[in-house]
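So the structure is just underneath, and the comments pick up after that.
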Amino acid sequence: MQHFAFPHSMRRFAAGFSIVSLALLIMASFSACGGSSTGTSGTSTGPVNLTYWSWIPGMDKQVALFNQTHPQIHVTLSNVGSGPIEYIKLFTAIKANNEPDVAQIEFQTLPQFETTGSLVELSQYGANSVKDQFPSWMWNEVTLSNGVYAIPQDGGPMALYYRDDIFKQYNLPVPTTWAQYADDAAKLHAANPKSYITDFPPRNPGWFTGLVWQNGGNLFSISGQSWKVSINNPQALQVASYWQDLISKKLIKTEPDFTNAWYNDLQTGALATWISGAWGNGILKQNAPQSAGKWRVAPLPQWQAGQTVSSNWGGSTTVAFKSSKYPQQASTFAQWISANVQSAELEFSTGAYPASTAALSSPTVNSPQPFFGNQVINQVFSDSAKQVNVNFQWGPTMEQVYNDMGDNFANAVNGTSTLSDGLNAVQQSTITYMKKQGFSVTT
């Protein structure tokens, strides 16, 4: 099976935790002291050279287009690896004051990098001029205390991918509520014990967090310099209880996702749905090709009938570092790579879901998709992006949170605890960890 390019928060749990732990240890050494020093004013009379770290396949085409249209700036792309592989190198480079000029960073890790003091505050270089070109919830995620620390690059508005053939075969309604989804799970498994409504991936907390987000839960909030930790908020506990019930009744699988076995289940119909981000369409096309024409996309089920609330899973941003000699040009590139429509369309062609609202309105993105029975799936994703709660807040230690959540959820799947117990444990471990790092914490 071909492994498609998916949000890298998924990979870090399949690959193990040693890299994540090492990255956190490195971050701890400078999280309280401010990181690298400020660069020069960024003025230049001739072409300047910038380095850019990114992992998205096909990004070389976007960079080449930028270089072609900006003769006074030349960007050199370097794929140094994704997720923790890149982050460990970035944390090390920050400590040595030797970062690239620009880099790609996932939304959930952005606060972690901001605490190092190494990111350029981009509003001084005109970043607010592109604010209206992105969904408001995305822009909220790249701002902190009125400062702009990144430009949204791609996202993952969530939806329900479902096997239309299986739902028709067993006369199942496409669920519009989570209660109906659970009812479908029971009916499907009763009719075919080899088929399950979906899979609960224990070591992919990003997926679970997306569902908490949809339910109105917030893992973190900040007031001034003090962080409030609420990993086990009531909405998160409700989501945990819901999935714990399906796990206990053995109505869903609990295998690792993004593995050959999981891809095979998607292809053969052993899994009838996948709750995922917009980028998931590329995953299915590349890794379950024999199921072409059988999939459709629907809005996320709702906790209350008649609601229209969605969420996001995945996505990344572009940041500039203070050690750059040319912060103005770095900011120009960060803004262009996401806000330029042609650049965003190139990114869509690789399977990513661009953040640019203009690109998402283009014919290229809104064409019928044969793999999905000629459904114009972006209509669902476009609506989803407009329904994401804008008030969700990432915390400054999300690598640690996801690491601990994955460990505890694995225990729950193995039957030694529950998902709710896991959330309670991560609440305490997060508070302990953050205090050790010098953060002001309340609960």
Degrees, to the nearest 10: 419-436 long Cα axis against longest axis of the chain
20 degrees
Need one number: nm distance between label points at ASP60 and GLN304, each 7 Å from Cα along Cα→Cβ, rounded to one decimal.
5.2 nm
Quick query: amide H of PHE220 versus all other amide H atoms, modeled in the peptide plane; which residues come in under 5 Å with a sequence gap of 5 or more or a different chain?
SER230, GLN393
In a shell of Cβ-Cβ distance under 14 Å around ALA385, excluding ALA385 itself, what net charge do Lys and Arg (+1) and Asp and Glu (-1) give?
-2
Percent of all Cα-Cα pairs per 5 Å bin for the range 365-441, counting from 0 up to the last occupied bin, reads 3, 13, 15, 12, 11, 10, 12, 12, 7, 4, 1
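If you place +1 on the Cβ of every Lys and Arg and -1 on the Cβ of every Asp and Glu, how big does the dipole about the Cα centre of the range 55-180 come out, in debye to the nearest 20? Can you show the working numbers first?
Working: 6 positive and 12 negative charges, 33 e Å.
Charge dipole, the range 55-180, about its Cα centre: 160 debye, nearest 20.
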Please check: in the Gaussian network model of the chain (C-alpha springs, under 10 Å), which one of GLN329, GLN379, GLN169 has the largest mean-square fluctuation.
GLN169
Which residue fluctuates the most in the chain, going by a Gaussian network model with Cα springs under 10 Å, if the choices are GLY406, GLY293, GLY415?
GLY415
I'd like to check one number: the per residue accessible area of the range 103-153, probe 1.4 Å, reported in Å² as a whole number.
30 Å²
If each part is reduced to its alpha-carbon centroid, the range 265-321 and the range 67-113 end up apart, in Å, by 28 Å
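Dipole of the range 320-443, Cα-centred, from +1 at each Lys and Arg C-beta and -1 at each Asp and Glu C-beta, to the nearest 20 debye? The partial results should precede the final answer.
Numbers: 5 positive and 7 negative charges, 92 e Å.
Value, rounded to 20: 440 debye.
At a 1.4 Å probe radius, which order do ILE247, ILE283 fall into by accessible area, largest first? Write out the running numbers ahead of the final one.
Working: ILE247 20, ILE283 0 Å².
The ranking, largest first, comes out as ILE247, ILE283.
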Name the lysines eligible as straight-distance cross-link partners of LYS187: C-alpha to C-alpha under 24 Å, and not fewer than 8 places from it in the same chain.
LYS168, LYS249, LYS250, LYS253, LYS294
Please list the non-local residues whose amide H lies under 5 Å from the amide H of VAL48, H modeled 1.01 Å from N, same-chain partners needing a gap of 5 or more.
ILE73, HIS74
Place a +1 charge on the Cβ of each Lys and Arg in the chain and a -1 charge on the Cβ of each Asp and Glu, then give the dipole magnitude about the Cα centre in debye, rounded to the nearest 20.
260 debye
Highest-fluctuation residue, PRO327, PRO289, PRO47 considered, GNM on the chain with Cα pairs under 10 Å:
PRO47
Cα-only Rg/Rh for the range 255-361 with Kirkwood Rh rounds to 1.08
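Please work out the average accessible area per residue across the range 184-337, using the 1.4 Å probe convention, and give it in Å². Intermediate results must be reported in sequence, preceding the final value.
On the way: 5020 Å² over 154 residues.
Per residue, the range 184-337 has an accessible area of 33 Å².
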TRP137 accessible area, nearest 10 Å², 1.4 Å probe?
10 Å²
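Determine the share of the chain's accessible area contributed by carbon and sulfur atoms, expressed in whole percent, with a 1.4 angstrom probe. Let's see the in-between values first.
On the way: 8250 of 16510 Å².
Looking at the chain in its full context, I get 50 percent from C and S.
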How big is the gap, in Å, between the Cα center of the range 116-144 and the Cα center of the range 371-425?
24 Å
Contour excess over end-to-end distance, with Cα ends at THR92 and GLN68 and 0.36 nm allotted per residue
5.4 nm
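The values are calculated or read from the model by the stated rules, or taken from the named source; none is laboratory data. Note that the coordinates shown come from a computational prediction; the quantities given were computed from them, not determined experimentally. So basically every Cβ, Gly included, is an ideal-geometry build from the backbone, and we count neighbours across all protein chains shown. We work out accessible area using only protein heavy atoms, side chains counted, and drop any ligands, DNA or RNA first. Shrake-Rupley method; radii C 1.70, N 1.55, O 1.52, S 1.80 Å.
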